[in-house]
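Working notes, beginning with the structure itself.
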Amino acid sequence: MPSSAYDPACLPDLLPLYYRRLFPFAQYYRWLNYGGVQKNYFQNREFSFTLKDDIYVRYQSFSSQSELEKEMQKMNPYKIDIGAVYSHRPNQHNTVKSGSFQALEKELVFDIDMTDYDDVRSCCSAADICSKCWTLMTIAIRILDRALRRDFGFHHLLWVYSGRRGVHCWVCDEAARKLSAAARSAVAEYLSLIKGGEETVKKVMLTDPIHPFIRESLEVVKHYFPQYALQDQNILGRKESEEKVLALVPEDVKKELQEIFQEERNPERRWRHIEVQAKKKQQTAKKRQYFEKEIMLQYCYPRLDVNVSKGVNHLLKSPFSVHPKTGRISVPIDLTDVDKFDPFAVPTISLICEELDRPKADEDEAKSEDTKGKENEQDSTEKRKIRDYKRTSLAKYVKYFDQFLAGMADSWKGKLLKQSDLQKEF
Amino acid sequence: MQFPSKKPKAVTDLKAELYSQPLQFYGQPPLENISLSEFESFAVDRLKLLKTVENLGVSYVKLSDDYKKKLDNEIKTQNFPHGAGEQTEKRRKDHISHFILRLAYCQTEDLRRWFIQQEVDLFKYRFKELECGEKLKFLHKNNLQYNTISAEEKDNLREKLATSSYTASGVKVEEQDFYKVPFQDALDLVRTRKVYLEEGYVYIPHNEIVTIVLNDFRTRLSKALALTARSLPAVHSDERLQPLLTHLSHSYLGQDYSVQKNVGKISLEQIDSLAGKSFPLCMRQLHQTLRDQHHLRHGGRMQYGLFLKGIGLSLEQALQFWRMEFIRGKVDADKFDKAYAYSIRHMFGKEGKRADYTPYSCMKVILSNPPSQGDYHGCPFRHSDPELLKQKLQSYKVSPSGVSQILELVKGMHYQLACQKYFELTHNVEDTAFSLSHPNQYFTESQKVLGGGKDVKRETDTLQRPQENSAARGLTREPAGDESQHLAEITKNLETDFQDA
Ligand code: SF4
Ligand SMILES: [Zn+2]
């Protein structure tokens, strides 16, 4: 296998290739056009590009898929962000009367970033991740995906790897896109259990009775906790991290546990002791005590950036954008197999560009098709592009995206049918 | 003033109909002519009432007995409707005054937020005070109908309904009706996880119905204010009303500290010592973090940056201050100019929309944008662990009894009072003559006590000799020269203004 190590210096050379032959424009457009149910939905959408040397251009918008393609191929953005659907075309925002240019709709989005877990992971810090701490993202996806579907009744969730150290979720249901800012922040707060900044030690407080949503989330955490927290992070195995855990239990329990820990070194059994203490306390204390659950949640529960979810006009990195630092493509995550998702297996732009250059297996067939396609050039370039990404490791991620789009298409069909029925009636 | 009116047909009937209910949604603007003097007095009275609502909300647990008693008193004093019985005139005043303040408070985001919050709190209190029958009448009259769930559905969900925290109020699932509404209609209950939520619907027990009603009230009011704002130019061209409305809207927080009064009076070298003496804890914490880590995240930069602007840093000083600190950390000068300088100029209204940002009030610091991972902004009385707060207070040499007094206030959620107590203890004054609502106010008051910062020596003196309390207190009563003039202006009573008007 040829070396496909990514070098940021090559990005200017690779991007044109990526946008010309690999970026899945057709699917991308189909997604953001939402079946054409609402007029100008795609046309009024804001895109923003980060170009070479951190030049940042906001309020881009495109009238069609081909215009989007042309512009992206011309500008070769280092990073693409998606913003809201506005009342007017974003690229004309300067020409409309101030105040009337307003963000109307956007997917409900969530951003979970590993840097927010620095106080509870010992394997890495800041922008680094490893397979150990990636479990935190798996837990986050499982908990939020369940709640957004079961509690809030959403169906069309697109989970995307950010390309470096986190995941994004795009809730694409019509009802989600229409939520007010107040509703978005209410949803985000419903889903947030970790409270407080650097001046707060104990970040989770449960009250009695435990809400069904928290109980469901705890089930997920319990599943991962022994392997992830006790083994991989070894939170009860080292003096320093052990103290951090003990800071989260009531004073009297802490003393008792400290004594026990003098003798007991095994992390699993130490945890068992914490559970036993919690049980004991629950039976005797006036106010219910849930410190063992609170510890589990503080170490594993998803940490949302509420500000990203709140605003209708907040920008979020687009799927299939390239991460300029790692070169990895921001790819959709297959939810049926979320435990197996490996961020390090996500292809980099250098890898897929290299894969393009390998000899094609279906060369002959392709040639004959090319000659046939002369009458309809547009068609054949389109086809070639499809064949192109299919020859790379991007293919399977585009397939997940296709599956997601198929699910949404069903809901558009219903909508369009209703609309045409209505038209007939009049 | 004349509200947009149609026909004065049978005004008395209309009035009787309009004011037949103790509480309304303010759906219809008043249709009558009123005199300018009535206009003024109604507006001033309601403003006083709303300010009381705000103050009570800070000092007491909302809807606790004390809160209710005090609020009821104020409603009576200001002659607004309370209790049952014939009160057409008071209800008329309630109606008209609400609409006048809409005019005054629709102009900016901050004003709208303040007004909506107080009106919603007032409405909540008044709705809760209604008798059961009146509540139903109210719902009926305003077409607020909600679907109840069947006994069977209730049975199926019993366990889940019971563990969604409202049962804490002691009501059994069997004994009450549950309404099923889209979650968008009960955001406050969703936010706080006080209801069971399934497939996008919330299940609300009857005794929480006030939440849906309030949600509705809030939504309508905020829409109405946005509409009013758009039609405002017409009102503002009225020479008699314009100054009046502006005045009304300016008096909600005393001063907003957005106008720079002392530009250039402070040098960058002074900041460290001022931070220790005259900054409230929230700003002291941000300053300390900035010095230690040479960086602050966005929330902290905004909160601290605007505060510094408020105490008199010029744009040039601010740029110098932030750059100096940031480049000692991971940011080089080039990156600073590219990524951060813009937002600082923005704060001073020199970039982008040229909006002149206003320093955050305590209310804003305490309520909006709570700190999360990596953040040091917020209010230490609200957002720090009590244990850490205690340690911090101790390290700032607050006496043990002082610490416990402060923590007691924090426990009762009286964060601003706790801060004020801290002020009293550290400035050695027994009874402050102001009521704290703004970090910049804390600073101004502190400087006043300390004699404009010139008199550092006196401060240390009094700190060492508590028996000199009275001397220090004298200072707060007799601020010197310009300062007192200035203060008098701020605190000038609305009433006197209107008497001359
Ligand atoms: S009460 Fe106000 S001034 Fe005092 S620390 Fe909190 S926010 Fe700052
Ligand atoms: Zn790691």
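The values are calculated or read from the model by the stated rules, or taken from the named source; none is laboratory data. For clarity, every value in this text was computed on a predicted model and none was experimentally measured. No Cβ is skipped: glycine too gets one built from the backbone with ideal geometry, and neighbour counts run over all protein chains shown. The protein model used for the area step is the full one, side chains on, heavy atoms only, and it has no ligands, DNA or RNA in it. Shrake-Rupley method; radii C 1.70, N 1.55, O 1.52, S 1.80 Å.
Inter-chain neighbour count for B:185-194: the average number of beta-carbon atoms from partner chains within 10 Å of each residue's beta-carbon is 5.
For segment B:329-408, the dipole from Cβ point charges (+1 on Lys and Arg, -1 on Asp and Glu) about the Cα centre works out to 220 debye, to the nearest 20.
Gyration tensor over the Cα atoms of chain A: the corresponding equivalent ellipsoid has semi-axes (square roots of 5 times the eigenvalues, largest first) of 45, 27, 19 Å. Would you mind checking A:LYS74/B:LYS335; A:LYS202/A:LYS280; A:LYS396/A:LYS418; B:LYS48/B:LYS93 for any pair whose Cα atoms are more than 24 angstrom apart? Where the Cα-Cα span goes over 24 Å, the pairs concerned are A:LYS74/B:LYS335; A:LYS396/A:LYS418. Rounded, prolate or oblate for segment B:151-208? Axes are the square roots of the Cα gyration tensor eigenvalues, ordered a ≥ b ≥ c, and the cut-off for rounded is a/c under 1.5. Cα axes put segment B:151-208 in the oblate bin.
Which percent of the accessible area of chain A is formed by carbon and sulfur heavy atoms (probe 1.4 angstrom)? Mind dumping the intermediate values first?
On the way: 9750 of 19690 Å².
Answer for chain A: carbon and sulfur cover 50 percent of the accessible area.
Averaged over peptide B:17-30, the number of partner chain Cβ atoms lying within 10 Å of each residue's Cβ comes to 0.
If eta is 0.890 mPa s and T is 25 °C, what Stokes-Einstein diffusion coefficient results for the protein assembly as shown, Kirkwood Rh from Cα pairs, in µm²/s? Before the final figure, lay out the partial values.
Details: Rh = 31.5 Å.
The diffusion coefficient I find is 78 µm²/s.
Between A:THR326, A:THR95, A:THR348, the GNM of chain A built on Cα springs shorter than 10 angstrom shows A:THR95 fluctuating the most. Simple rule: put +1 on each Lys or Arg Cβ and -1 on each Asp or Glu Cβ in segment B:151-208, find the dipole, and look at B:LEU189, B:ALA162, B:ALA151; the Cα lying farthest toward the positive end is B:LEU189.
Relative intensity of segment A:17-135 on a log10 scale, I(q)/I(0) at q = 0.23 Å⁻¹, equals -1.26, per a Debye sum over C-alpha point scatterers of equal strength in the absence of solvent.
Under a 1.4 Å probe, what is the accessible area of the protein assembly as shown per residue, stated in Å²? List each step's numbers first, then the result.
On the way: 44390 Å² over 927 residues.
Normalised by residue count, the accessible surface of the protein assembly as shown is 48 Å².
Oblate is the label for segment A:244-303, because a/c, from the alpha-carbon gyration tensor with a ≥ b ≥ c as root eigenvalues, is 1.5 or above and a/b does not exceed b/c. Each semi-axis of the equivalent ellipsoid for segment A:113-246 is √(5λ) with λ an eigenvalue of the Cα gyration tensor; in descending order they amount to 28, 18, 15 Å. The alpha carbons of segment B:16-100 give a radius of gyration and a Dmax of 13.5, 40 Å, in that order.
Measuring spread by the Cα atoms of segment A:196-344 yields a radius of gyration and Dmax of 19.0, 56 Å.
Rounded to whole Å, the principal axis extents of the Cα atoms in segment A:80-135 read 52, 19, 18, largest first.
With a ≥ b ≥ c taken as the square roots of the eigenvalues of the C-alpha gyration tensor of segment B:287-372, please select rounded if a/c is under 1.5 and otherwise prolate if a/b is larger than b/c or oblate if it is not?
oblate
What's the angle, to the nearest 10 degrees (0 to 90), between helix A:377-390's Cα axis and the longest principal axis of chain A? Relative to chain A, helix A:377-390 is tipped by roughly 30 degrees.
Quick one: dipole size for the protein assembly as shown, taken about the Cα centre, charges +1 on Lys/Arg Cβ and -1 on Asp/Glu Cβ, in debye to the nearest 20. Intermediate values should be presented prior to the final figure.
On the way: 138 positive and 130 negative charges, 81 e Å.
For this selection, approximately 380 debye.
GNM remark for chain A: springs join alpha carbons under 10 Å apart, and the peak mean-square fluctuation among A:ALA182, A:ALA285, A:ALA140 falls on A:ALA285.
Let me confirm one metric for peptide B:366-376, namely the mean number of other chain beta-carbon atoms within 10 Å of its residues' beta-carbons. Kindly include the intermediate steps, with their values, before the conclusion.
On the way: counts 0, 0, 0, 3, 7, 6, 14, 14, 6, 4, 3.
Mean inter-chain Cβ contacts per residue within 10 Å come to 5.
Positive end of the dipole of segment A:195-300 (Cβ unit charges, origin at the Cα centre): among A:GLN298, A:ILE210, A:GLN227, the Cα lying farthest that way belongs to A:ILE210.
The Cα atoms of segment A:1-60 cover 46, 30, 14 Å along the three principal axes, with the biggest extent listed first. Buried surface between chains A and B: roughly 2900 Å² of accessible area, summed over both sides, computed with a 1.4 Å probe on protein heavy atoms only.
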